[in-house]
Amino acid sequence: MKGKHVALVTGSGRGIGLGVAKELASKGFSIALNAPLLDDELISAVELLKSQGADVFAAPFDVCEIDRHSEMLSSIEENLGPLTTLVNNAGVGVIHRGDPLEVTSESFDRCMSVNARAVFFLSQAFSKLLLGRDRESEIFHSIINITSSNAVAVAVPRSEYCASKAAASMISKTFAVRLGSENIHVYDVQPGLIDTEMTAPVIKQYEERAKAGLTVLPRIGTTKDMGKVVSALASGELPYTTGQVISADAGLLISRY
């Protein structure tokens, strides 16, 4: 990796997003940390990265407010320099787990708005920003979308979430094809069973299932695991690749019998 890298990581006040930000910072990236609001959680995340010597900027905005995307990207560049990397990590789960026949339009639209629509339009704004200027050829530029193993595997009680992540996965492929000739790489990282605040209510039972063989590697994942995967991609350590699905799931989706 040569030259200065600047990354926006959405939804990075905690969980996978913060894990990604930490690993990118450890590789010398300047980091724009994002959450909907400049709350205590985001402030703590900024202070943590600064304490580790990172060049960091708080970029609070709601990713669903697509009219603000260009404004916020410009603000990040004014404070950190030209962006090279976008990590679309911000996401939401379902309002209530249950029967797909009982899913409300409110829950469906919420998942689609954050998990798919925001990913599409922030990727669009980021791409236009990069294409509107000269870029140093030796600097690796990328969009990395954090989707889910549920982009592929059905979870009936979370059907609207699955649909939104499948949409985000296709968005990744679409942008990979469009941006390939521009030397901008796009990836779809699909985490499996990861220990985060979002999965806290169910992760213990999945930990036991992982040990019993649900996953090929008999453990659940950590935010540090996800950070290392994303930082390798963002650093160009998988050259001659784009559009790939990275199944960061300990073998969960391998067909077995």
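The single condition from (1) modelled with pLDDT of 95 or more; (2) among the charged types (D, E, K, R); (3) part of a helix (DSSP H, G or I) that residue 204 fails is (1).
Name every residue in region 17-44 that is of a type in the set (A, V, I, L, M) and farther than 19 Å from residue 75 by Cα, in order of residue number.
Within region 17-44, 18, 20, 24, 25 meet the criteria.
Apart from one condition, residue 88 fits all of (1) touching a strand residue (DSSP E or B) at 6+ places or on another chain (Cβ under 7 Å); (2) over 24 Å from residue 235 (Cβ atoms); the exception is (2). All conditions in (1) out of contact with any helix residue (DSSP H, G or I) (no Cβ under 8 Å at 6 or more places or on another chain); (2) modelled with pLDDT of 95 or more; (3) in a loop (DSSP other than H, G, I, E, B); (4) not hydrophobic (A, V, I, L, M, F, W, C) hold for residue 4, with the sole exception of (2).
Is there a residue in region 24-39 that is free of Cβ contacts under 8 Å to residues at least 60 places away in the same chain, out of contact with any strand residue (DSSP E or B) (no Cβ under 9 Å at 6 or more places or on another chain) and under 16 Å from residue 141 (Cα atoms)? Spell out the reasoning first.
Within region 24-39, the first condition is being free of Cβ contacts under 8 Å to residues at least 60 places away in the same chain, and the residues that meet it are 25, 28, 30-39.
Filter once more, so that each one left must be out of contact with any strand residue (DSSP E or B) (no Cβ under 9 Å at 6 or more places or on another chain): 28, 36-37, 39.
Subsequent filtering for residues that are under 16 Å from residue 141 (Cα atoms) retains 28.
Yes, region 24-39 contains a residue that is free of Cβ contacts under 8 Å to residues at least 60 places away in the same chain, out of contact with any strand residue (DSSP E or B) (no Cβ under 9 Å at 6 or more places or on another chain) and under 16 Å from residue 141 (Cα atoms).
Filtered by the rule that a residue be touching a residue at least 60 places away in the same chain (Cβ under 8 Å), outside any loop (DSSP other than H, G, I, E, B) and not β-branched (Val, Ile, Thr), region 235-257 gives a lone residue, 247.
Report yes if some residue within region 221-230 is modelled with pLDDT of 95 or more, hydrophobic (A, V, I, L, M, F, W, C), under 20 Å from residue 17 (Cα atoms) and touching a Pro at 6+ places or on another chain (Cβ under 7 Å); otherwise report no. Show your work before the answer.
Going residue by residue through region 221-230, those that are modelled with pLDDT of 95 or more are 221-230.
After this cut, where a residue has to be hydrophobic (A, V, I, L, M, F, W, C) as well, the list is 226, 229-230.
Checking which are under 20 Å from residue 17 (Cα atoms) leaves us with 226, 229-230.
Right, trim to touching a Pro at 6+ places or on another chain (Cβ under 7 Å) and you get 226.
Yes, because at least one residue in region 221-230 is modelled with pLDDT of 95 or more, hydrophobic (A, V, I, L, M, F, W, C), under 20 Å from residue 17 (Cα atoms) and touching a Pro at 6+ places or on another chain (Cβ under 7 Å).
Considered as a group, the residues in region 128-144 that are exposed (fewer than 11 other Cβ atoms within 10 Å of the Cβ) and not hydroxyl-bearing (Ser, Thr, Tyr) include one that is modelled with the lowest pLDDT, and that residue is 138. Selection of region 1-10 for residues being hydrophobic (A, V, I, L, M, F, W, C) and either touching a strand residue (DSSP E or B) at 6+ places or on another chain (Cβ under 9 Å) or buried (at least 24 other Cβ atoms within 10 Å of the Cβ) (or both) yields 6, 7, 8, 9. Is it fair to say residue 194 is more than 27 Å from residue 131 (Cβ to Cβ), touching a strand residue (DSSP E or B) at 6+ places or on another chain (Cβ under 6 Å) and either of a type outside the set (Lys, Arg) or surrounded by fewer than 13 Cβ atoms within 10 Å (Cβ to Cβ) (or both)? Answer is yes for this residue. Of all residues in region 71-90, those satisfying the criterion of being in contact with a Lys or Arg (Cβ under 8 Å, 6 or more places away or on another chain) and surrounded by 15 or more Cβ atoms within 10 Å (Cβ to Cβ) are 82, 84.
When residue 183 is tested against (1) surrounded by 13 or more Cβ atoms within 10 Å (Cβ to Cβ); (2) touching a helix residue (DSSP H, G or I) at 6+ places or on another chain (Cβ under 9 Å), just one condition goes unmet, and that condition is (2). Within region 11-30, restricting attention to residues that are under 12 Å from the mean Cα position of the chain (by Cα) and outside any loop (DSSP other than H, G, I, E, B), which residue is surrounded by the fewest Cβ atoms within 10 Å (Cβ to Cβ)? Among those residues, the one meeting the criterion is 15.
The values are calculated or read from the model by the stated rules, or taken from the named source; none is laboratory data. These numbers were taken from a predicted model, which means no experiment stands behind them. With ideal geometry, Cβ positions are generated from the backbone for all residues, glycine too; neighbour counts draw on all protein chains shown.
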